Amino acid sequence: MNRRQFIQQSTAATALLGMGGIGLQSFNTSKAKKITILHTNDVHSHIDPFGPDHKRNPNKGGVARRATLVESIRKENPNTLLLDAGDIFQGTPYFNYYGGELEFKLMSMLNYDLATIGNHDFDNGIDGLYAQLPHAKFEFVSANYDFTNTVMDTHVKPYKTFIKDGIKIGVFGLGVQLDGLVDKNMYKETVYNDPIEIAQDMSRLLKEEQACDLVICLSHIGYYYRNVPDRVCDLALAKATKDIDLIIGGHTHTFLPKPTIEKNSVGENVLINQVGAYGLYLGKIDFYFEPGKPTKTHGASIIV
């Protein structure tokens with residue numbers, strides 16, 4: 001397939017979407033400040049929608065459709081963040097042909113605010129990832145990957161904060177153990193640190209030192225491993241930490257029909273969400289802040 005065919009296919013998608021909401025709480029939100037978090041994970045270079053004859057996902061997905069959906073949500077609520085939980089690369093000929101350039105350019109056009117790094121984002125090596133950074137007009141966070149002594153040093157932050165309508169939001173990233181998943185020559189001197197220990201430090205820093213009203217973890221460590229229950233995962237992360245309000249997950253391609261609610265180490269609720277893979281769904285979680293009252297939430301599962 002040549003470059004012209006690639007471009008024609010990627011621009012041929014039209015907006016077609018369906019929405020299904022899952023209410024986590026019922027409440028009157030007329031006086032509250034509303035923060036909307038949109039998120040994707042494991043898109044794996046799926047630029048086009050699946051075809052009408054696809055057995056599992058007919059007429060679903062596609063960047064153009066996602067862009068239309070995101071734009072409509074932002075018009076409804078300008079206080080919106082768009083986040084990605086990693087594995088942006090690998091999965092279609094677009095990656096083989098462009099090496100990640102197209103993925104980053106399209107995400108930039110959608111005005112993604114932040115992303116973390118998944119194991120497949122090293123599939124062209126850490127040098128290949130670095131080479132595509134000029135095409136990303138958004139930043140990357142990863143708190144447990146130490147990129148010292150690599151080309152990615154100083155290009156990935158442990159966390160980033162945002163202020164929307166006076167609400168301070170802190171977002172940090174976590175990545176999966178690379179050893180055994182990615183050839184050492186691909187990630188080179190990148191050092192993996194324990195996600196739970198790092199998350200404990202990050203959540204304390206963001207909640208106490210940075211005084212964030214909302215703390216989000218962009219996680220690419222996996223939702224849960226049934227066959228290896230002791231393996232670090234999002235459920236274990238939620239239970240072992242405090243001060244994290246939302247874990248946006250990736251890596252295991254888990255589609256959750258609604259966000260999971262897990263108790264943290266001090267008995268408070270943590271939301272965990274993951275929306276499968278390939279850009280088939282867009283996660284949407286609304287947080288409502290009202291002085292003197294507990295924060296309320298509403299989660300929606302949106303089919304693209």
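Summary table below
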quantity: Yes/no for Lys207 being among the charged types (D, E, K, R) and either on the phi > 0 side of the Ramachandran plot or surrounded by fewer than 16 Cβ atoms within 10 Å (Cβ to Cβ) (or both); calculated: no
quantity: Failed criterion for Ile117 (all others in (1) of a type in the set (A, V, I, L, M, F, W, C); (2) under 17 Å from the mean Cα position of the chain (by Cα); (3) surrounded by fewer than 23 Cβ atoms within 10 Å (Cβ to Cβ) hold); calculated: (3)
quantity: Hey, Gln274 surrounded by 15 or more Cβ atoms within 10 Å (Cβ to Cβ), more than 27 Å from Ala32 (Cβ to Cβ), touching a helix residue (DSSP H, G or I) at 6+ places or on another chain (Cβ under 8 Å) and of a type outside the set (A, V, I, L, M, F, W, C) or not; calculated: no
quantity: Every residue from segment 276-290 that is modelled with pLDDT of 95 or more and under 25 Å from Asp165 (Cβ atoms); calculated: Leu282, Gly283, Lys284, Ile285, Asp286, Phe287, Tyr288, Phe289
quantity: Spans of strands (runs of 3 or more DSSP E) in segment 187-304 with at least 2 residues charged (D, E, K, R); calculated: 260-263, 281-289
quantity: Residue in segment 147-157 that is closer than 27 Å to Phe255 by Cβ, outside any loop (DSSP other than H, G, I, E, B) and out of contact with any Pro (no Cβ under 9 Å at 6 or more places or on another chain) present; calculated: no
quantity: Near pairs, Cβ below 6 angstrom, 6+ apart or cross-chain, from segment 71-82 (among the hydrophobic types (A, V, I, L, M, F, W, C)) to any residue that is loosely packed, with under 15 Cβ neighbours inside 10 Å and outside any helix (DSSP H, G or I); calculated: none
quantity: From Phe104, Phe162, residue being part of a helix (DSSP H, G or I), aromatic (Phe, Trp, Tyr) and within 25 Å of Arg74 (Cβ to Cβ); calculated: Phe104
quantity: Index of the failed condition, Val151 passing every other in (1) touching a residue at least 40 places away in the same chain (Cβ under 8 Å); (2) closer than 19 Å to Lys184 by Cα; (3) of a type in the set (A, V, I, L, M); calculated: (1)
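The values are calculated or read from the model by the stated rules, or taken from the named source; none is laboratory data. Since the structure is predicted, the reported quantities are computational estimates derived from the model, not experimental observations. When we count neighbours, we look across all protein chains shown, and the Cβ atoms used for this are built from the backbone with ideal geometry, even at glycine.
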